[in-house]
Structures are given as structure tokens and as C-alpha cells.
2 protein chains.
Amino acid sequence: MKKYLFGSMLLIAISGSPSLAQSPAKVVEDFKPSSVNQPGKEFPKVNSEGRVRTQINARDAHKVQLDIGAVKYDLVKDTSGVWTGESAPQDEGFHYYQIWVDGAAVPDPGSLYFYGAGRWGSGIEIPAKDQDFYALKNVPHGELREVHYFSSSSNSVRHAFIYTPPGYDKDNSKRYPVLYLQHGMGENETGWGNQGHASLIMDNLIAEGKAVPFIIVMENSSVKFERPREPKPDANAKTDATTKKPAGPMGGFDFAGDFKKVLLNDLIPFVEANYRVVADLNHRAMAGLSMGGMQTRIITLANPDKFSQVGMFSGGSISMEDITKTPDFKKNVKLLFISYGSRELDNPRKGPWGDPKENTQAVKEAGMNTSFYVSPLTAHEWQSWRRSLYQFAQIVFKN
Amino acid sequence: MKKYLFGSMLLIAISGSPSLAQSPAKVVEDFKPSSVNQPGKEFPKVNSEGRVRTQINARDAHKVQLDIGAVKYDLVKDTSGVWTGESAPQDEGFHYYQIWVDGAAVPDPGSLYFYGAGRWGSGIEIPAKDQDFYALKNVPHGELREVHYFSSSSNSVRHAFIYTPPGYDKDNSKRYPVLYLQHGMGENETGWGNQGHASLIMDNLIAEGKAVPFIIVMENSSVKFERPREPKPDANAKTDATTKKPAGPMGGFDFAGDFKKVLLNDLIPFVEANYRVVADLNHRAMAGLSMGGMQTRIITLANPDKFSQVGMFSGGSISMEDITKTPDFKKNVKLLFISYGSRELDNPRKGPWGDPKENTQAVKEAGMNTSFYVSPLTAHEWQSWRRSLYQFAQIVFKN
């Protein structure tokens, strides 16, 4: 599990590996500007094979590369100093990428920028056959609100994004369920709104009558409070049960600790005091992708009185051992949704929490209402998570 | 005026001029990371003189430059391939900049990105002595909402940002005045919310009781509808009164045409139907910076029944000739606010609309309620416009 999950997560980080491949000669010449280009920019472009072609003026450079999907592709310079080249075909959906210019890793000046892999950088959209579900349509639209609130846990003003469904401000007697929706490692509170298209997915589902309208709260879950410096531990000492932070499956990284405090002590009370939500177990959901799924796992298992709807997208599962340890989780959780990209499931692997499909089947047979979704032909990528939200949103709060 | 305004606007575009200067040897070594760095990034840094120092790993490059304030500064490579260098002192406030790596103009991977000069690129913040007025504080906060609406003028779904003041959702009987607030050329609807800090300026003013709470609507005013291609005009024909678009002071650029339709026909009706605003002349304001100020000028002069409060920040003024031509403007406008950065006024200049200070004094003597504000020691830059909003917001809707 450790290898599996972290291998996947590292894929979204930027590879430092040397150039591995040149795109083959036969490239279909039907490139169109990417849908997430900066206004008026012709490059990067995408063709029907899913290849990414970019172009950059770097007249004095001697090596320029396109770095996408953990592979670097050499660009070729023309006589005017403009470098052009393309990648191998990429999976449908959204991918982070960058450009290398003589050893400098920089964003592509042609693309819009997204927060992922621990930095604001370039993103590209490979048109997906099912992209209609997150298309911008002339339907009633909700709002994506940037809000600020005081967190006493962190002793600071924090901000979050809150999606309110269409008509939220029209009928002041109506109250809504709430989903707390988490991003992945190296991402932040902007991920679901920007590359995740959470608002458009919800607007379209609600317009078609396929989802119960609900509020979505998106905060940055990579929270680490500033604390007084502790004395440095003896470098030779082995990490063991006597140290404060034992090395868990995540190598000692405190996966949900500080965020759990912000979420439970500050964010949920803020939302419930300031938005027209139904403030009870049955109308409170938590879900997340990758690290956010694992945080969802930890926090919902530890707080079975808080969340009745749980979604983990490419982020682990719930085992029989979990529900044996926490019988209230089984009792209270009315929906357990587990999903993965099909390419993540291509190779069988086990981990501390077991195989997600087998786990989910087991807890289903034990009586839980579960849903196991596999996103076709996608990996540990946003297309898997957009589809996961699309599926999850159609069944959440309907039980 | 033409030369003056466009000279200023071009300053915010990226200079293609060769390296002009190296920073002098005596640099005060008190650099701190910029407040608008990406999370965890140490560079770029700013020192107490206002110098910007940046650093980038580009081990195979032979020339790397920092490009800020229309000057390029050479960085110096160390033995590990890391380039470092700094600029001359910059004015207080926000500035766009970029990096050149062997002829490629790219964003600095260390900074956050902002839309200006026609692209998403790097920004830096030189701490200002008066930065407290846009600081994030533990006061009640409004919301910055991304909203979508259908524009029949452009036959498309457009989006805008709407600031709602603190408590907007608390008291559903309260209605608010509205300010339509425009960005400058090469900028977009994100400018006032991101680098302009409009929400924080308003939150702080409202907390101190210095401003009437109002709603701010921010749309992209660089609107050009897709139209059927017209036959190309004879290249030798002089542009004159017989052509459809005579060359005006802006060289024929249609400054407000399509945006005027979106604003008046689509955006204002959408806002007045969906937000609790007071939908009348006395509670409707328009303001903007630079090009947005000139659009404000054109649109409010042409629609004196629509806006009673008018603000032009580094974007022209209203002359006696204007109010003679449009007596309803003088009759209806209860506040005319004109502002500039002091460095913009350093050199006397005239233009088609005359000197802004003399103009404003003249219409004041003719009986209009005017306010003329000069931002100390700033140029055609965001610090002038933040201060302009701060001043404008304290007097608007109080007449």
C-alpha cells in the first residue's frame, strides 16, 4: 500500500529523470489550442491522440524540454529561436506539466496555472469523451465563494472556498447538506474549484435533477501549525513507540492531525453558524482524493458521530478490521464510496489497509451501504477524481 | 494625454529593451521572502530599499535576467548552477515582473502569479508604509464570489467576481448599493480581487465604520464579441468619418463598445435580479483604473441616468466640455472621484480630455461634488489604485 499509494502520488510530482523518449515520427496533425491556455495563446496544443505540443521562444537556449507524465521530451529549435515539440499520447483529462530551459524548470508561459505538485505550474487538458459532465452550460449556476474565518486552533485567519448551489440566496428558508471535500498531497484548497471543476459538475447534475443540492466546503488540509521548536532528536535513535510521532505507513508524516483540529473545532462550526446547512450527522459528508481520501479515512473513523457519508477517491478504503474497531462507523455511515482510476488497479497490490475492492466488498457484505467505482482508463489523476465526484454526488445524501 | 496615458500603460507591459543597469554594489542585506511567494519558497526576496532579489536554478544557462520596472538585471551564476541577483529599488506596492532564461521570458517559479500585461505572470510586493489598510485581519469578512451568468449580448455564459460585504447573508431584509469596478488594459476580472486586495480593503474599512457597506462587481471589460468577418478595408484608405470606427484618441481601439452592452444589458440586470441591491441611480457606482477609468468615463457620460457615483483612477477626468455636452451628468452625479499616482503627475501634460487636476477643479467650481486624490510616490501601479479604492470607498454612497 505504501509503495502503491506513494508511487502514484509521486507520479504527480515532477520527475527529475533524464530524457527518456522522443515522440515517434507519425504524429496526427490535428492539434488544437488547449482549453486551459492563457487568453489568446496558441500553444500548448493537443491532438486527437492526446499528444501535447508546446512552443517557446528561447533563442539563446541550447536545450529545451517538455516535461509531462514523468517523461521529458526534447523540443526542436527553428532558425528564429522558437522551440517546438510534442509528447507521447497522454490519458484523457487534466495533467500538470512544466518546461525545462537550459536546466531551469519553469511554467509554460502559454498555459494557465494550477496548484499541484507543491507549486503553481502549468496544466493541460486532454479532451475527454465524457467531458460534457463538467462543461460550462447555460444552466442555473451556483457560486464559488472565497471566505475567511478565524481559526482558534491555528490562531490565524484562514480562508476556504465554499460552493453554494444555484438558488441558495433565493429561498432563505431552505437548508442544505454539506460535503467537506479535500484535495491531494501537494495541492491546496483551489484544486477542486480549478482543475476539479467541482462547481460545474454540481451545476450540471443539479440542472438534470441527478443530485440533491448541497454545499461543498474546500479548505487546505496540508495544515501544520507553527509550534515552539522542540529539541532535535538524536539522529541515531530509531523512531519507535517512545517518540511522539511513530513512523506510520506514511513515514511519520502527521497526515490529519492539525487539519483535524481546524476542521472539527473551527471550520465546521464556522460553516454551521454562517451558512444555511442542516447541522447534523445525516447531512454531513466528508470526501477527498489521494491524501485527502486518507485524511477522510482517519477523521471519519475517529469521529463516527460526525459524518454519515464518506468518500475516498484513490485514497484507501475501509476494512473489516476498521469497522470492528469502530462499530459506530458501521452504524452511522449511510454511504461509503470508494473509487480508483482503472490504471491504479491494473497491478494487484496490498497495503496496511488491504485491497480496496476486497475491503469494500467485505464491509458491504457486513451490511454497509457501499459503492465502488472505477474510472475507465485513467490513473492517479484529476479525471479519475472529477468522475468520482460526479458519481458520488449522485448518491450522497439520498439514504 | 495620449502619450502620457499610453506611455504609462506600456510601463506595465514587458519591456523588450536590452539590459540597462546593474544594481550598485551597496545593497542592504536585510532581504525577506516576498509576501506573495508560493508556499514554502524562499525567493524572490525584498529588502528595506525595495530591491527585489531572485534566484533560479538553471545550471546549463548562460544568461539569466530579472525583468522588472522595464529594466533587465543580470543574475550571477554560482558553481552549482544557481543564478541570483537583484534589481534597483522599486516603489512601494505591487509590481509585475518576469525572468529571462537564455532568451525565454518565463514566470519566476518562486512567485505567485497574477494576470496583467496580457498574461499570467509573476508579481512582487514591496512592503508599503501604509499596507495596514489592506492587511488580512481578524475582523468580519465579506465574501468574494465567482458567479456565472448568461450574456445575451455575447450569447455566452460569462463569469464575474462579486464582493458581498460581511453579514450579507445574515440579514435578508437589508439591501446594498453596488459598485461596478473595472481593471486596466491587459488585466482581467481577477485583478481587483488578487493584486488589488479589494475585499480586504472593504472588510477593514467596514470594520472601522469608515465605509458604507456595498457590493462590488468585477467583470472582464476587455470584451470583443465574435462577429462575422467583415471585408478587409482598403489598406490605403485613410480612416475618417466615413468608416465605422474612426480613429479616436486610442487609435481606433473600441474602448467600451462591447463591454458597454454586456454591462448595461446583461450584467447589471443579472446583479439586480440576483443580489439584494438598491436598484436605482443613487445606489449605483462605476469606477475603474487606467483603461477601466476611461471606460467608466465613456459609459457614465453616455448613461447619466445610470450612475450617480463615478471614480476614475489614473484613467482620465471629466472636463467642462463634457458636462456642457451632457448636462444630466452634472445633474445626476453626486460624486466624481479622480485620482492619480504622484509620479504620473510629475510631468505636466495635456491630452484630449485636458489636465485632470484642472478639469476636476473646473467642474467642482461649476457645482459638482468632486474629489481629487494623489497617491504619494507611486506611478501607474496597483499601489495607486489600492489607495484610490481606499479613498473612494470612504466617500462613495454618502451623498
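Yes/no matrix, rows are residues, columns are (1) part of a loop (DSSP other than H, G, I, E, B); (2) more than 30 Å from B:H141 (Cα to Cα); (3) not assigned by TED's automatic domain parsing to the domain that holds A:V212:
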position	(1), (2), (3)
A:L264	no, no, no
A:A273	no, no, no
A:G292	no, no, no
A:I298	no, yes, no
A:G316	yes, yes, no
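Restricting attention to the stretch B:22-71, which residues are within 14 Å of another protein chain (Cβ to nearest Cβ), assigned to a loop (DSSP other than H, G, I, E, B) and farther than 19 Å from B:E125 by Cβ?
B:A58, B:R59, B:D60, B:A61, B:H62, B:K63
Among the listed residues B:D108, B:D91, identify the single one that is among the acidic types (D, E) and closer than 24 Å to A:G123 by Cβ. Full working, then the answer.
Values: B:D91 fails: closer than 24 Å to A:G123 by Cβ.
Answer to the selection: B:D108.
Can you name the residue in the stretch B:126-148 that is in contact with a strand residue (DSSP E or B) (Cβ under 6 Å, 6 or more places away or on another chain) and more than 7 Å from chain A (Cβ to nearest Cβ) and is also nearest to A:K137 (Cα to Cα) among such residues? So that I can check it myself, show each step before the final result.
The initial filter retains those residues of the stretch B:126-148 that are in contact with a strand residue (DSSP E or B) (Cβ under 6 Å, 6 or more places away or on another chain), namely B:126, B:128, B:136, B:138, B:141-148.
Next cut, more than 7 Å from chain A (Cβ to nearest Cβ) only: B:126, B:128, B:142.
Working: B:I126: 41, B:A128: 43, B:G142: 28 Å.
Taking the candidates together, the pick is B:G142.
Among the listed residues B:S8, B:S19, identify the single one that is modelled with pLDDT under 95, polar (S, T, N, Q) and outside any loop (DSSP other than H, G, I, E, B). Before the answer, list the steps.
On the way: B:S19 fails: outside any loop (DSSP other than H, G, I, E, B).
Checking each option against the conditions leaves just B:S8.
Any residue that is assigned by TED's automatic domain parsing to the domain that holds B:V262, surrounded by 22 or more Cβ atoms within 10 Å (Cβ to Cβ) and out of contact with any His (no Cβ under 9 Å at 6 or more places or on another chain) - is there at least one of those in the stretch B:167-179?
Yes - at least one qualifying residue is present in the stretch B:167-179.
Among what's in the stretch A:365-399 and is under 21 Å from A:E208 (Cα atoms) and in a loop (DSSP other than H, G, I, E, B), pick the residue that is modelled with the lowest pLDDT.
Top of the filtered list is A:N399.
Need the failing condition index for B:V71 against (1) assigned by TED's automatic domain parsing to the domain that holds B:E381; (2) within 20 Å of B:Q383 (Cβ to Cβ), just the number.
The single condition B:V71 does not satisfy is (1).
Go over the candidates A:K260, A:K210 one by one and state the one that is open to solvent by 60 Å² or more (accessible area, probe 1.4 Å), assigned by TED's automatic domain parsing to the domain that holds A:K306, in a helix (DSSP H, G or I) and at pLDDT 50 or above.
Numbers: A:K210 fails: in a helix (DSSP H, G or I).
After applying the criteria, what remains is A:K260.
Given the criteria without any contact (Cβ under 8 Å) to a residue 60 or more places away in the chain and either under 30 Å from A:V223 (Cα atoms) or under 24 Å from the mean Cα position of the chain (by Cα) (or both), does B:P44 qualify? I'd like the intermediate steps shown before the answer.
Numbers: without any contact (Cβ under 8 Å) to a residue 60 or more places away in the chain: no; either under 30 Å from A:V223 (Cα atoms) or under 24 Å from the mean Cα position of the chain (by Cα) (or both): yes.
No; evaluated as a whole, the condition is false for this residue.
Do we have any residue at all in the stretch A:42-49 that's surrounded by 23 or more Cβ atoms within 10 Å (Cβ to Cβ) and modelled with pLDDT of 95 or more?
Taking the stretch A:42-49 and keeping what is surrounded by 23 or more Cβ atoms within 10 Å (Cβ to Cβ), we get A:44, A:46.
Okay, now just the ones that are also modelled with pLDDT of 95 or more, so A:44, A:46.
Yes.
Being within 14 Å of chain A (Cβ to nearest Cβ), part of a loop (DSSP other than H, G, I, E, B) and not aromatic (F, W, Y): is that true of B:P109 here?
So B:P109 passes the test.
What tally of residues in the stretch A:329-346 results from selecting those that are assigned to a strand (DSSP E or B) and open to solvent by 10 Å² or more (accessible area, probe 1.4 Å)? Full working, then the answer.
To start, the set of residues in the stretch A:329-346 that are assigned to a strand (DSSP E or B) comprises A:335-341.
Going one step further and asking which of them are open to solvent by 10 Å² or more (accessible area, probe 1.4 Å), we end up with none.
Total satisfying the criteria: 0.
When you go through (1) under 22 Å from B:L377 (Cβ atoms); (2) in a loop (DSSP other than H, G, I, E, B); (3) within 13 Å of chain A (Cβ to nearest Cβ) one by one for B:G123, which number turns out not to apply?
Among (1) under 22 Å from B:L377 (Cβ atoms); (2) in a loop (DSSP other than H, G, I, E, B); (3) within 13 Å of chain A (Cβ to nearest Cβ), B:G123 violates only (2).
With the condition kept exactly as written, say whether any residue in the stretch B:81-101 is open to solvent by 10 Å² or more (accessible area, probe 1.4 Å), part of a loop (DSSP other than H, G, I, E, B) and within 13 Å of chain A (Cβ to nearest Cβ).
Scanning the stretch B:81-101, I find no residue that is open to solvent by 10 Å² or more (accessible area, probe 1.4 Å), part of a loop (DSSP other than H, G, I, E, B) and within 13 Å of chain A (Cβ to nearest Cβ), so the answer is no.
Out of B:V217, B:V178, B:V212, I need the residue that is more than 11 Å from the chain's Cα centre (by Cα), in contact (Cβ under 8 Å) with a residue 60 or more places away in the chain and within 22 Å of B:R297 (Cβ to Cβ). Which one? Break it down into steps so the answer makes sense when it comes.
Details: B:V217 fails: in contact (Cβ under 8 Å) with a residue 60 or more places away in the chain; B:V212 fails: within 22 Å of B:R297 (Cβ to Cβ).
On inspection, the qualifying residue turns out to be B:V178.
For (1) among the polar types (S, T, N, Q); (2) more than 29 Å from B:A58 (Cβ to Cβ), each residue gets a yes or a no:
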| residue | (1), (2) |
| --- | --- |
| B:E125 | no, no |
| B:E143 | no, yes |
| B:T164 | yes, yes |
| B:G184 | no, yes |
| B:W192 | no, yes |
| B:M202 | no, yes |
| B:E219 | no, yes |
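The values are calculated or read from the model by the stated rules, or taken from the named source; none is laboratory data. Predicted, not measured: the structure shown is a model, and the values here were computed from it. Backbone-built Cβ (ideal geometry, glycine too); neighbour counts: all protein chains shown. Side chains are part of the model used for accessible areas, which takes the heavy atoms of the whole protein and leaves out ligands, DNA and RNA. Shrake-Rupley method; radii C 1.70, N 1.55, O 1.52, S 1.80 Å.
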